[in-house]
Amino acid sequence: MEPATITGSLYRELLENGYKNLAAHFQAINDLNVFPVPDGDTGTNMKLTYANGMKALGESEEIGEITNEFAKGMLLGARGNSGVLTSQYFKGIANSLKETKDITVMELAEAMRDGYKTAYRATVTPTEGTILTVAREGIESVYPRLKAGKTDLTSFLAMVIEAMKISLDRTPSLLPVLKESGVVDSGGKGLLTIFEGMYKYMINEPIDGKEVELDISHSALPSVDISAFNEDSVLDYGYCTEFLLQLLNAKIKVEEFNIDGFIESLKNMGNSIVCFQTGTIVKVHIHTKKPYEVIEFAQRYGEFVSFKMENMAMQHNEVVQKKEEKCKDRKKVAIVAIAQGEGIKNMFKEMGADIVIDGGKTMNTSASEMVDAFQMANADEIVILPNESNILMAAKQAAELYKGSKVYVVETKSIPEGYAALSMLMGDEENAKTVYQEMNDGISTMVPGFLTQSIRDTRLNHVRVKNGDYIGGLHGKLVVSLPEKNKALVGLLGKIKDIKKCETVILFYGKSISEEEANGASEAIKEKYPNLEVGLIPGGQEVYDYLLGVN
């Protein structure tokens with residue numbers, strides 16, 4: 001017979017089995033990608049976001065603490081729209097269950113209602129037929145059938161899964177793009193997969209698949225070049241020290257904790273400081289030659305949830321494309337951009353981006369990586385260019401989490417839009433608001449497009465696609481599909497309203513395209529549209545043969 005309450009240890013097992021099931025099936029979730037190109041990443045984003053929540057768990061056995069730690073880890077690690085919405089869903093659950101030790105099934109159900117409501121509030125324009133719908137209908141259709149004190153957890157999860165399956169099967173009828181492509185919503189499938197994993201734990205059913213164990217030990221050492229620091233070295237740069245600090249009432253009055261005073265004290269111990277508070281967790285990043293001083297100081301307020309320290313002489317930062325770790329003078333305004341492809345990243349730097357984070361299609365940048373980039377930017381105000389529609393929500397979440405500077409998010413949804421935004425920089429702007437406005441003016445004049453090869457037959461946006469066809473889109477919407485690459489590229493331009501009045505087209509050609517082939521594409525465009533001036537840029541991006549911006 002099941003216990004009457006859900007304990008912290010049981011809830012922790014549910015979360016872990018939810019992860020295992022998600023990790024075992026994330027590729028199937030990726031394969032539900034609407035666009036017939038190899039960039040499906042919903043499953044990957046949800047898995048990485050969820051894993052970050054698991055890694056943030058401490059030793060507490062109280063559900064209030066567990067849900068709080070889990071949600072905060074997810075918020076910082078959120079990748080892609082699906083990851084952000086999943087993190088917001090579990091944030092709502094955590095808010096509902098704060099200060100609880102054990103809970104009833106009814107309390108869990110109420111928390112799940114708060115979860116989907118929080119996720120809805122996180123979206124400017126909620127779209128039905130997505131993970132939001134599955135989360136809402138999954139609990140609202142079950143809630144009236146619950147009997148307080150009589151419905152056990154196993155039965156409850158079974159009902160939720162049944163309701164989510166029905167809701168998921170309905171998503172194509174709510175979202176035409178799903179129906180046209182013959183798939184269900186991938187985010188909704190991911191959420192269902194999580195709850196199926198929880199249910200499997202309750203019925204003692206093992207998770208299918210290999211290599212789904214989650215390493216939450218934090219004990220794995222990164223690969224480093226030890227030759228960079230030997231017996232003749234001098235500690236020039238110090239240690240890059242990062243940790244999550246759980247504030248404790250046993251040491252201070254947590255509600256009276258002053259983050260500003262905490263930061264002022266850290267300034268005496270090092271530099272390159274990023275420090276912000278989320279609930280009762282404080283995240284700290286500092287470069288210091290005396291990490292023991294920082295450790296001793298931090299422990300006056302609480303204990304570490306996680307801790308990382310690296311000798312900066314050997315440190316290799318994989319998040320930002322920056323070789324030096326020396327602290328630079330603080331700027332008034334800094335530009336952070338996200339891009340993929342060596343040519344594009346280098347070009348963005350040349351155009352004025354202070355930091356370019358490696359990310360985009362197939363590997364969406366997390367909120368935590370953006371927060372780290374904000375700190376390294378070392379500016380009073382920051383403007384970020386996400387340059388990918390599936391990174392936009394995470395960028396907004398990162399901007400909200402970061403307290404070290406005022407952050408403006410320019411809603412660039414593609415590399416061409418990021419290019420158009422950066423092209424507006426004059427170099428003499430005094431504040432980020434001016435930069436933000438100028439960049440938005442640049443975006444409004446640009447028509448962004450893409451060309452790549454289909455990996456399956458489908459029908460999307462009233463365009464019939466055959467496996468192997470070259471497909472092109474404008475503003476993210478598929479508009480052309482043809483078997484020949486250059487004809488598809490020229491046909492794509494023909495879908496632009498008033499194309500004959502346009503003056504220029506910038507072509508970023510991908511990693512698989514040679515310079516000779518790109519020149520051939522340029523000639524094909526000029527033959528059809530002699531009024532267009534064609535600019536070629538070796539972007540080096542994956543997935544897309546061409547990214548283009550027309551104005």
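Total residues in the range 45-73 satisfying the condition of being closer than 19 Å to His25 by Cβ and out of contact with any strand residue (DSSP E or B) (no Cβ under 8 Å at 6 or more places or on another chain): the figure is 6. So for the range 334-351 (the condition being open to solvent by 10 Å² or more (accessible area, probe 1.4 Å), at pLDDT below 70 and basic (Lys, Arg)), does at least one residue qualify? No; the residues of the range 334-351 include none that is open to solvent by 10 Å² or more (accessible area, probe 1.4 Å), at pLDDT below 70 and basic (Lys, Arg).
The set of residues from the range 234-256 being out of contact with any Gly (no Cβ under 9 Å at 6 or more places or on another chain) and within 24 Å of Lys55 (Cβ to Cβ) comprises Cys240, Glu242, Phe243. Looking only at residues of the range 353-371 that are open to solvent by 30 Å² or more (accessible area, probe 1.4 Å) and of a type outside the set (A, V, I, L, M), we find that the one that is modelled with the highest pLDDT is Asp354. Every test in (1) at pLDDT below 90; (2) open to solvent by less than 40 Å² (accessible area, probe 1.4 Å); (3) within 27 Å of the chain's Cα centre (by Cα); (4) over 30 Å from Phe348 (Cα atoms) is passed by Gln246 save one, and that test is (1). Looking across the range 372-396, the residues that are assigned to a loop (DSSP other than H, G, I, E, B) and open to solvent by 20 Å² or more (accessible area, probe 1.4 Å) come down to Asn378, Ser389, Asn390. Scanning the range 60-82 for residues that are within 16 Å of Thr44 (Cα to Cα) and of a type in the set (Lys, Arg) turns up just one, Arg79. Condition (residue is under 27 Å from Gly476 (Cβ atoms) and assigned to a loop (DSSP other than H, G, I, E, B)) applied to the range 432-448: is it met by at least one residue? Yes: one or more hits. Residues that are surrounded by fewer than 19 Cβ atoms within 10 Å (Cβ to Cβ), farther than 20 Å from Lys497 by Cβ and in contact with a strand residue (DSSP E or B) (Cβ under 7 Å, 6 or more places away or on another chain) within the range 467-481 comprise just one, Gly468. Under the condition of being part of a loop (DSSP other than H, G, I, E, B) and open to solvent by 20 Å² or more (accessible area, probe 1.4 Å), the residues counted in the range 397-419 number 5.
Can you tell me which residue in the range 61-76 is modelled with the highest pLDDT, limited to those that are crowded, with 24+ Cβ neighbours inside 10 Å and of a type in the set (Gly, Ala, Ser)? Once the filter is applied, the top-ranked residue is Ala71. Looking at the range 494-505, can you tell me whether even one residue there is among the polar types (S, T, N, Q), within 27 Å of Ile443 (Cβ to Cβ) and in contact (Cβ under 8 Å) with a residue 40 or more places away in the chain? The answer is yes, given that some residue of the range 494-505 is among the polar types (S, T, N, Q), within 27 Å of Ile443 (Cβ to Cβ) and in contact (Cβ under 8 Å) with a residue 40 or more places away in the chain.
Looking across the range 518-541, the residues that are open to solvent by 30 Å² or more (accessible area, probe 1.4 Å), out of contact with any Gly (no Cβ under 7 Å at 6 or more places or on another chain) and not in a helix (DSSP H, G or I) come down to Pro530, Asn531, Glu533, Leu536. Residue count for the range 142-175 satisfying the condition of being in a helix (DSSP H, G or I), of a type in the set (A, V, I, L, M, F, W, C) and either closer than 15 Å to Gly190 by Cα or open to solvent by less than 30 Å² (accessible area, probe 1.4 Å) (or both): 9.
Would the range 120-141 turn up any residue that is outside any loop (DSSP other than H, G, I, E, B), within 30 Å of Val463 (Cβ to Cβ) and open to solvent by 40 Å² or more (accessible area, probe 1.4 Å)? No: the range 120-141 contains no residue that is outside any loop (DSSP other than H, G, I, E, B), within 30 Å of Val463 (Cβ to Cβ) and open to solvent by 40 Å² or more (accessible area, probe 1.4 Å). Number of residues in the range 500-517 that are surrounded by fewer than 17 Cβ atoms within 10 Å (Cβ to Cβ) and β-branched (Val, Ile, Thr): the value is 1.
Checked against the criterion of being at pLDDT below 90 and closer than 14 Å to Ala337 by Cβ, the candidates Gly442, Gly404, Gly427 yield just one match: Gly442.
The values are calculated or read from the model by the stated rules, or taken from the named source; none is laboratory data. It should be emphasised that the depicted structure is a prediction, and the values quoted were computed from it without experimental measurement. Heads up, the Cβs are rebuilt from the backbone with ideal geometry, glycines too, and the neighbour counts pull from every protein chain shown. The protein model used for the area step is the full one, side chains on, heavy atoms only, and it has no ligands, DNA or RNA in it. Shrake-Rupley method; radii C 1.70, N 1.55, O 1.52, S 1.80 Å.
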